[in-house]
Each structure stands twice: as C-alpha cells, then as structure tokens.
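> Take this structure, written in structure tokens, and hold onto it; I'll ask about it next.
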Amino acid sequence: MGRIPWAAACWLAGLAAALSGWNREIALCAAAVLGIACGLAAARRAWPVAVACLASFALAAAYGLWHQERNTSRLPEGGNAVLTGVLASQPDIDGDRVRFVFRTAVRERVAVTVRLAGREELDAAGSWRRGDEARLTGALALPRGPRNFGQFDYADWLAKRGIHRVFTVEGAGNAIVRRPERIGTGIALGWLESVRAGFGRRIAELYPGAQSGFMQAMLIGLEGEMDEELFNAFSRLGLTHVIAISGLHVGVVTGGWILLLRLLRVSREAALNSVFAVIPAYVLLAGAAPSVIRAGCMAVLGTLALRRGWRNDAMRFVALAAVAMTAWNPSYLHDIGFQLSFAVTAGLIAGTPVFMRLLPAGWPKWLSGSLAVAVTAQAVSFPLTIHYFNQYSLLSGIANFLLVPVFSLAVLPIGYVSLIVSFVSEPFARRLAAVPGWLNEWGFWLIERGSRIEGAGTVWPSPPVWALLLYYLLLAGVCAGVNRWRSGDRDLFPARSRAGRVAAIVCTGCLAVWCAFVYWSADWEQRGTVSFLDVGQGDAILIRTPEGATILVDGGGTIRFRRQGEEWRDGRDPYEVGKDLLVPLLKKRAVRHIDVMIVTHGDADHAGGLAAVAEAIPTRRIVFNGTVAGNEAFRKLTAVALERNIPLIPAGAGRSMDVDRHTRLDVLYPVLKERLSIEENQNAFSVVFLLTMHGKRLLFTGDMDAAAERETVRLLRMVESEAAAPHDFAGKEEKDVAGERAAVKGLVSLVADSSNKPLNVIKIAHHGSKTSTSELWLNRWKPELAVISVGERNAYGHPGKEVLARLERRGIPVFRTDLHGEIQMKIRPAEEIVLRTFLDPRPGGHE
C-alpha cells in the first residue's frame, strides 16, 4: 500500500481515540495502529510515509477533541419547554407515535416523539416532512440509558450522533408545523423524501406481500416496511448486506445510466460528466446511509480517475472516502454500517487476489472469483458481526455464495428496470417484475429454512477492541504469508516461499485459537452467577451454574391496555421485553441454550417474554406451576413449546433437581394437583424454590401471596415435627391428601440437609407488594439479604412501605432493580457472595 491508505488508517485511529474520550483500551489500540504504520515505514526507509502517519494521527486526534468539546447540550435536563426550529429528518409514523430529529433555533439536535391523541391526527402528521418549521410544546428529558450489564446504550448511541435530549409532545395539537417561506436545503431534502416515498408506493404496487418491503429496502433503502420475520431470517444467515444499499447498487445505477446515454449516442465524455450529478442524487434518494455515501464517494473518485486517465487504485479511493466522510461528520466512525462497509470493501480489494492464488488455476474465473469474494467477505466481516450482533451462522458463507449473485445480478437490475418502466407502462412493468418476484420467492424459501436449521447458528460474546485489532493483524499476516508462498517467483526463491507458507499456517492457527478463546471466554467468566435482570415491572433471573448450565427464571413481559378500536396505536414492531431486551442480552452473554426455563406462574409480567426467548434460543425443558393461565402470554409460550418439542414439566412441592454437582433446586410450593386446571389467580400458585449453589442458599418466590407463605411454612413444619400422620390431612379431599403426602415426603431430605444453614438471599415476592413477605415468612427464613425486582416509577406503588419497614427492622439489606438496575451475584466455593449492581451500588431500603 502507498502512503494514502496508511495515513488514512492513522487518521481513523486518532479520531477513534479522541472520540472515545481517550478510553484506555481504544487509545492503546490506536497507538498500536500508529506504531505498526510508522514501524513498517521505517523498515522500508519510507520516512515521508511515517511523517504522514504521525501528522494524520495528531490532526485527527485534535479534530476529534474539538468535536467532542462541541458535542454538548445547553438545554435543561428535564421539565416542560417550548422548542422552535426545523424538522431535521423525515417523520416516521409508527402506530400512535411520530418520531423525528428536530434542530432547534440554536442548532441543537433533539430526538422528538409526538404521541397522537386520536386517529384523526394521523392525516395531520402524515403531511409533515423534513425541512418544515415547527413550534413544539412538550417535556424535555435525558435519554434513557441501560440498566443491565451489556445492554444496548440508547443514550450513548444518541450522544455519538450529537443528540443529548429527548422531547415528548402529547398530541399533534401541541406541534404547530408549517412549510417555510424560503426554499432551503431542508425543503429540498424533504422533497427528495417525498419522491422516495412515491417510489416506495410504486414498488409496493409491483411486488406483492413480503416482497414489497424487501424490494423497497433493496432498491431505494426504505427498510421500515420490510417483514420482520423475513429480516430476522436474513440476519441469522448473515445476508442483511443484500438489503442494504451499497457499492453494488451505485455501480448498477451508474453503469445503467452510462449505458442508456451511450445508446442515445451521447459522447463518452458527456456521459462520464453526467455521473457527477447522478451519483449524489441517487445517494440522497437512497437515504444517504454511511454505506451509500461511501459507495457514492468511491464511484465519483473512480469516474474522475477514468475521465482523467489516472491509474485505477481502489484502495486509495477507499482511504480517501473514509477520511472525507469522517472529516465531514466524525460521528460516522461510530456507525456499524460505516465500519462494515469500509472493512469489507478494503478487505475485498486486498484479500480477494490472495485467496484466488490458493485455488486451482484450471477453475473457471467466475467460480474462483465468486468463491474468493464470498470467503474474503466472510473473513473480514466476521469479527465485527459477532462484536455487534453476537451471532454467526455456519451457513453464512454458503448462503452468500449461492444467493448474493442471484439478488445482485438478477433481482437488483431487473427491479430497477421494472420500477422505471412502470412510469411508462404498468402492465409491462408487472411482467418484468414477475422475474425477480419468482427469484425472490425461491430465495426467501431457502433463507427461511436455512435460518431454522438446528445448530447452524452460533452465539458469541462481543470481543473487546484489542481482540478485533489482533484478529485483523493475524488476517493480514495470513495474506502476507500467502503472497510470499504463492508468488510468481517462488521457484527462484524457495526459502522465501517456505517462510511465507509457515507464516500463513502459523497465523491461521492463531486465528483458530482466537476464535476458541473468544467463543468460550464469556462462559468461563459467568459461571457461578445469579443475575436479577432489570426488565421493568416484572421478574427475570438468569442463573449460570458452576459447570456451565443455564437456568432462566421468568422473562418479564410487556403489558398493554388497549380498548376496542385502538389497535391502530400498535406500531409495526411494538416493543416487547423478550424480543427487544432479553434475547439480545442473553446473546450478549453468549447464552447458547437454556437448560431449565422456570415459569413461576403465568402472569404476563413473568411469562410474557419467555416465548421470544424459547423461539430464539434452544430450550431443553420448561418447568411451570402445574396450572394453566388463560392469558395470551402463557398461550404463546405453550404454543412455542409444543412447536419445538420442549418438555413442559409441572413443578410441585417436594420435587428436586440436581442441575450439576454444585447446584440443586428444591421446590417448596405449590402442591401439585392430579390434573391441570385453569387458574385465574396465578399468584397463589407461584413456584417457590430453593437454589443451593456451592453451599449458598437463595430463595425464589415468584408472586406468592401471604396465604401461600402460610401454606409453605405449614408444610415445612409438618416435616420438621414428623407430623405427617393421616389426621393431619383431616377435612381434605383424597386427591389433595395424596399431593400433600408426596410433598411432605419429598421435603424430608431438604429439611434434614438445611436445618442449620442460613438463607443467604431471598427474592421478595410480588415486587414487594404488601400482600406478601409477612412477618411469619421472614421469621421462618431470617435472610441475610433481600432482592426486589420492581419497575422504576411503577403504577402499583411497589415496593410497599410495610414490606420495606419489616425488612429494615430486621436489619436486612435491600437491593432493588428500580434503584440499582441489574443485581449480579458471584458465588464461589468457601467464599462470601460477591455482589455488584449496574447502578448505585449502595443498598436501599426506604426512598
């Protein structure tokens, strides 16, 4: 590489270090990049390159610091306010929410959400567009940050894009929006968005069903209408780049435009000159995502080189585009699309010829080229994919090799042609659209089935930044080794060729070790932990045993209260705790299977998120309370269990389970009935169990009420006093007597083993409701520490003051998810429990 790519790499490294606030890990990695670049330049005595690298790094660092100093807010952190300014993005209407970025009169960007008061306001909101002037009345607040370890940080995501406040407007009546009198950039962009929406409607008329959203995303970058299940299938197979507009799309549009002009006998020079106007227009029309801008920059540079007769150097174009984009907007550096687009593009330029040298010379060029591109793209994108998405399909390479040519060489160009022809002859356009339509259906069928193949999808923890840098250095070592090994003069310099082969093999082996280390690192770190996750007003507890088994107790849930006729308020993809919080969080922690899923009871705030977990993560068994809840959440969970052949095991008092050599579950309540019954009051039948891990005891209580507490204490007293005689069951039906006898018999060993052992942790029942955690219950267990899973500012008044007072009188420290976020406990043999919380680490009783 010449000096431009190395200088660009140092520019990006310096900018990353500064934008991270000189985070120690990122700063060290940036320094390593600078050191490697300068070291290689010094070894070749290329001092101008070394000077250019140092200057680029220093300039980028200074620029990044300057950008960070300006990236602040002057607005209040909260309270009612009136904002005037301009809509800086196209409003997105989703159910009863309208979201857009607003640029205030002092040019500060704010994330705005307008909550529509009624359906009649949809028309008014539909007329808003980018560039409109507005006067908004609402409430300012700080963006909501994460509350669990490893959770997506929405506040940080906004801050990196220059947004530090969110603004909520109640009703369209509090948003006075009008067209500006002067035509400016905002109005022009708004007009382009309207044109884009018109193209989207035209595509929807040509392509039916799920194809409509797919073709809108593929042709013009409108991803809002794409079918969620289909997108997830693409994502699981690593094919989302097919949907995102990139260099291929720009190439097809540019090539098609030049071909059309040449057919119209326009001169070559005039056709090339027109590209400088066509490419920016297409980039804007396609949504101007970072990957589109990158492709547009490269296309402009390539066209300029072709027009001037410069030597075509694609790597230089990539480097110049990266520097230009980040100089214009440094926040592009944080964008996942920017990182993947540039990494894969640079990797294909440098790595494809290398891989082709390893393939037999007699293979057809189209085959060796396609295979080299597919393998190289997978190798380059792999670490970034697992870092951000925590999943990788083993079928991804095959799927890309087979399907990318179909979508890129057939569906994409014919799709563009059908769209253009539709403005002239819609019947003929429909005939054209039938070809990509058939190919789409075939491709969707393969993708949906491939994404569901058991064992093909792998789950990875996010590698740290230093590990990403190490991966790419090793990959570069493989390329350098192969270049020497398979060089054209290897017969003249056999020793050099052998050294290259050894280097390639060693670096490949190191990459294998890298993969093994990253794959298993989270498993080693999280063994012997109990995590009370913050899922709002609900329960979700993740247990990782000392030998690597995974237990999930409850899964929170999203409760919606909708009156009839208000279904319009639900958006395209409404928030759901299981899908949007639990599944990403579990994958972030490399949870690859659930050994035991415990549903303490069927209420929506405990069982609501579990169906999404069981669908996304292989689950070996589901333990429930032996009753049936009549709500939608429980029905959906049982439907998933039946579809995936997951055993449903009723848990009854006296039953035990040895999860591994160091972990045991003992169920204390409820007493099982002979037959399944529908129970509306699920709290009274909550599964109550004792977890013993490395000798430490933790009691989990679900939403049990005071009556269930009394019944559990009665059963334990019967065992302790050896009073399980027939007269103890007097007045009860025979079926209940049989259940109690079985429970008492099973509890005998538990009581004998733990009569003198303290209870280390108690999970306070029902989010601290005053209907449970009675004096009797606390006197029975005498816990050392209490945990309350409760939603922040919940509408139920949980936890109750009475419960907090009882715990305070006994001197029991209380940790609450509403105050402390996630509460995580590490349990080690012969050691005290090590506790950490995501938020304020101090235990809280009364507020």
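> Compute the relative contact order of the range 336-420 as a whole-number percentage, counting only Cα pairs closer than 8 Å that sit 6 or more residues apart in sequence.
Relative contact order here is 29 percent.
> Apply the Kirkwood formula to the range 282-421: the hydrodynamic radius equals the inverse of the mean of 1/r over all pairs of different alpha-carbon atoms; give it in Å with one decimal.
Roughly 16.9 Å, rounded to one decimal.
> With a ≥ b ≥ c taken as the square roots of the eigenvalues of the C-alpha gyration tensor of the range 190-256, please select rounded if a/c is under 1.5 and otherwise prolate if a/b is larger than b/c or oblate if it is not?
Oblate, since a/c reaches 1.5 and b/c is not below a/b.
> On a 0 to 90 degree scale, rounded to 10, what angle separates helix 426-451 from the longest Cα axis of the chain?
The helix 426-451 is inclined about 50 degrees to the chain.
> In addition: Ranked highest first by the average count of other Cβ atoms within 10 Å around their residues, in what order do 246-252, 155-161, 474-480 fall?
Going from most to least packed, we get 246-252, 474-480, 155-161.
> Can you give the net charge of the other residues whose Cβ lies under 12 Å from the Cβ of residue 544, counting K and R as +1 and D and E as -1?
-1
> Enter the per residue convex hull volume of the range 437-530, computed from alpha-carbon coordinates, in Å³ rounded to the nearest integer.
Convex hull volume per residue, Cα atoms: 190 Å³.
> Next up: In percent, how large is the relative contact order of the range 372-464, given Cα pairs closer than 8 Å and 6 or more residues apart?
Relative contact order here is 45 percent.
> Next up: Mind checking the dipole of the chain: about its Cα centre, +1 per Lys or Arg Cβ, -1 per Asp or Glu Cβ, Debye to the nearest 20?
Roughly 3300 debye, rounded to the nearest 20.
> Another question about this same structure. Report ³J(HN,Hα) in whole Hz for each residue of the range 56-66, in order, from the Karplus equation J = 6.51 cos²θ - 1.76 cosθ + 1.60 where θ = phi - 60°; Gly and Pro get x.
4, 4, 5, 5, 5, 4, 5, 5, x, 4, 4
> Using θ = phi - 60° and the Karplus form 6.51 cos²θ - 1.76 cosθ + 1.60, what ³J(HN,Hα) does each residue of the range 164-173 get, whole Hz, x for Gly and Pro?
Using θ = phi - 60°, the values come out as 10, 9, 10, 9, 10, 10, 8, x, 5, x Hz.
> Turning to a different aspect of this structure: Which order do peptides 680-691, 103-114, 566-577 fall in by mean Cβ count within 10 Å, highest first?
680-691, 103-114, 566-577
> Still on this structure: In nm, to one decimal, how far is the residue 139 label point from the residue 71 one, both placed 7 Å along Cα→Cβ?
The two pseudo-label positions are separated by 2.9 nm.
> Which Cα, out of 190, 174, 6, lies furthest along the positive dipole direction of the chain (beta carbon charges, K/R +1, D/E -1)?
6
> Within 14 Å, Cβ to Cβ, of residue 38, how many net charges do the neighbouring residues add up to if Lys/Arg are +1 and Asp/Glu are -1?
Local charge sum for residue 38: +3.
> Could you tell me which residue out of 52, 613, 641 lies farthest along the dipole of the chain toward its positive end? Charges go on the beta carbon: Lys and Arg +1, Asp and Glu -1, centred on the Cα centre.
Value computed over the given set: 52.
> What is the extension gain from residue 710 to residue 259, computed as 0.36 nm multiplied by their sequence separation minus the C-alpha to C-alpha distance, in nm to one decimal?
This chain segment gains 154.1 nm when fully extended.
> Note the angle between two axes, namely the Cα long axis of helix 3-19 and the longest principal axis of the Cα atoms of the chain, as a number of degrees from 0 to 90, rounded to the nearest 10.
Helix 3-19 and the main axis of the chain meet at about 30 degrees.
> Also: Please report the antiparallel percentage of the DSSP beta bridges confined to the chain, to the nearest 5.
Bridges in the chain are about 70 percent antiparallel.
> Hey, another quick one. Reachable lysines from residue 579, Cα under 29 Å, same-chain residues fewer than 8 places away excluded?
Of all the lysines, those that pass the test against residue 579 - Cα under 29 Å, at least 8 places apart if same chain - are 160, 587, 588, 636, 763, 826.
> Computed over the Cα atoms of the range 142-293, what is the convex hull's projected area averaged over all directions, in nm²?
For the range 142-293, the mean projected area of the Cα convex hull comes to 14.1 nm².
> Between beta-carbons, use under 10 Å as the cut-off and find the net charge around residue 301, counting Lys and Arg +1, Asp and Glu -1.
0
> Work out the charge dipole of the chain with +1 on the Cβ of Lys and Arg and -1 on the Cβ of Asp and Glu about the Cα centre, then indicate which of 439, 405, 323 is farthest towards its positive end.
Working it through, the farthest residue towards the positive pole turns out to be 323.
> With every protein chain present, what accessible area does residue 47 have (1.4 Å probe, heavy atoms only), rounded to the nearest 10 Å²?
Its accessible surface works out to 140 Å², give or take rounding.
> Would you mind calculating the gained length between residue 442 and residue 656 on full extension (0.36 nm times residue separation, minus the Cα-Cα distance), in nm to one decimal?
Value of the extension gain: 72.1 nm.
> Whenever you get a sec, compute what percent of the accessible area on the range 507-547 sits on carbon and sulfur atoms (1.4 Å probe).
Heavy-atom surface of the range 507-547 belonging to carbon and sulfur, 1.4 Å probe: 68 percent.
> Could I ask something else about it? How far apart, in nanometres, would the label points at residue 564 and residue 194 be if each is projected 7 angstrom from Cα along the Cα-to-Cβ direction?
In this crude label model, residue 564 to residue 194 measures out at 4.1 nm.
> Sticking with this structure for a sec: Straight-line reach from residue 770: which aspartates and glutamates fall under 12 Å, measuring Cα to Cα and dropping same-chain residues less than 8 apart?
703, 705, 802
> Please turn the phi angles of the range 804-814 into ³J(HN,Hα) values with the Karplus equation 6.51 cos²θ - 1.76 cosθ + 1.60 (θ = phi - 60°), one per residue in order, whole Hz, x for glycine and proline.
So the Karplus estimates, Gly and Pro as x, are 4, 5, 4, 5, 5, 4, 8, x, 8, x, 10 Hz.
> May I ask you to order 708-715, 806-813, 783-790 by the average number of other C-beta atoms within 10 Å around their residues, highest value first?
Highest mean packing first, the order is 783-790, 708-715, 806-813.
> Sorted by accessible area with a 1.4 angstrom probe, largest first, how do 825, 657, 226 fall?
657, 226, 825
> Also: Please compute the modelled spin-label separation between residue 805 and residue 828, points set 7 Å along Cα→Cβ, answer in nm with one decimal.
4.1
> With the Cα gyration tensor of the chain giving a ≥ b ≥ c as the square roots of its eigenvalues, does the rule (a/c under 1.5 for rounded; else a/b larger than b/c for prolate; else oblate) give rounded, prolate or oblate?
prolate
> Got a number for the accessible area of residue 643? Probe 1.4 Å, square angstrom, nearest 10.
Accessible area of residue 643: about 130 Å².
> Sticking with this structure for a sec: Give the calculated FRET efficiency between residue 288 and residue 94 to the nearest 0.05, with a Förster radius of 25 Å applied to their Cβ-Cβ distance.
0.75
> Once amide H atoms are placed 1.01 Å from N in the peptide plane, what residues at a sequence separation of 5 or more from residue 94, or on another chain, have their amide H within under 5 Å of its amide H?
99
> Separate question: Using a 1.4 Å probe and ignoring any ligands, DNA or RNA, find the accessible area of residue 317 and quote it in Å² to the nearest 10.
20
> Fully extended, how many nm does the chain gain between residue 720 and residue 402 (0.36 nm per residue separation, minus their Cα-Cα distance)?
Gain on extension, residue 720 to residue 402, equals 107.8 nm.
The values are calculated or read from the model by the stated rules, or taken from the named source; none is laboratory data. Since we're looking at a predicted model, the values are computed, not measured. For neighbour counting, all protein chains shown are included, and Cβ atoms are generated from backbone atoms with ideal geometry for every residue, glycine included. Surface accessibility is based on the protein's heavy atoms, side chains included, excluding ligands, DNA and RNA. Shrake-Rupley method; radii C 1.70, N 1.55, O 1.52, S 1.80 Å.
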